[in-house]
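Novice: What follows is a single structure, and I will ask about it in a moment.
The values are calculated or read from the model by the stated rules, or taken from the named source; none is laboratory data. This structure is a prediction, so every number in the text was calculated from the model and none was measured. Cβ coordinates were reconstructed from backbone atoms using ideal geometry, including for glycine residues, and neighbour counts include every protein chain displayed.
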Amino acid sequence: MQQKTYYPKAAEIQRDWILVDANGQNLGRLAARIAHVLLGKNKPTFTPGVEMGDYVVVINAGGVTVTGTRTSSKLTTKMYNHHSGYPGGLKTISLRDLLAAYPDRVLRTAVWGMLPHNRMGRSVLKRLKIYAGSEHPHGMQKPQVLK
């Protein structure tokens with residue numbers, strides 16, 4: 001007797017809205033939990049290769065903390081690189097400066113590192129909404145709170 005593999009249809013996929021308050025939470029642990037929900041691994045019908053995940057709204061992204069072996073110096077020694085595409089166009093910014101200027105980019109980069117780096121990962125990342133403050137325009141969806 002053969003067992004058939006369950007493959008969910010598009011109409012069977014239920015997408016919810018999850019609200020996450022990032023104030024005072026650890027950057028890496030928070031990013032891992034968000035990636036887990038975005039991929040849909042928290043659902044009993046999870047199937048690899050199928051976009052089953054929920055929408056995630058993160059508020060207070062500027063309040064994330066970092067810990068580890070070099071906690072005191074991580075804010076100044078952790079560097080993020082970006083290249084403009086032109087010769088000599090490498091731009092480097094520290095974690096402290098990036099949190100001050102663009103707090104959403106820090107969390108988005110951490111979550112992107114935990115997603116598959118392919119077409120599915122790019123489309124999954126579009127369901128992540130990050131806001132530096134406590135206000136967001138997604139109040140009508142009645143989100144669940146991720147703890």
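Novice: Going by the structure shown, is K91 closer than 22 Å to I130 by Cβ, exposed (fewer than 13 other Cβ atoms within 10 Å of the Cβ) and not hydroxyl-bearing (S, T, Y)? Walk me through it before giving the result.
Specialist: Working: closer than 22 Å to I130 by Cβ: yes; exposed (fewer than 13 other Cβ atoms within 10 Å of the Cβ): yes; not hydroxyl-bearing (S, T, Y): yes.
Answer is yes for this residue.
Novice: Are there any pairs with C-beta distances below 9 angstrom linking a residue in region 1-29 that is over 22 Å from G40 (Cβ atoms) and of a type in the set (A, V, I, L, M) to a residue that is surrounded by fewer than 10 Cβ atoms within 10 Å (Cβ to Cβ) and at pLDDT below 90, with the two at least 6 apart or on different chains, and if so which?
Specialist: If the second residue must be surrounded by fewer than 10 Cβ atoms within 10 Å (Cβ to Cβ) and at pLDDT below 90, no pairs are left.
Novice: A further question follows. Given (1) more than 19 Å from the chain's Cα centre (by Cα); (2) at pLDDT 95 or above, identify the lone condition not met by A35.
Specialist: Condition (1) is where A35 drops out.
Novice: While we're on this one: Take the residues in region 48-88 that are at pLDDT below 90 and under 30 Å from Y6 (Cα atoms), then tell me which one is surrounded by the fewest Cβ atoms within 10 Å (Cβ to Cβ).
Specialist: Of everything passing the filter in region 48-88, G49 is surrounded by the fewest Cβ atoms within 10 Å (Cβ to Cβ).
Novice: Does region 30-67 hold any residues that are of a type in the set (K, R) and either touching a Pro at 6+ places or on another chain (Cβ under 7 Å) or free of Cβ contacts under 8 Å to residues at least 60 places away in the same chain (or both), and which are they?
Specialist: The first filter runs over region 30-67 and keeps only residues of a type in the set (K, R), leaving 33, 41, 43.
Correct list: K41, K43.
Novice: A follow-up question, please. Which members of region 1-21 meet the condition of being within 11 Å of the chain's Cα centre (by Cα) and either hydroxyl-bearing (S, T, Y) or assigned to a loop (DSSP other than H, G, I, E, B) (or both)?
Specialist: Passing the criteria: none in range.
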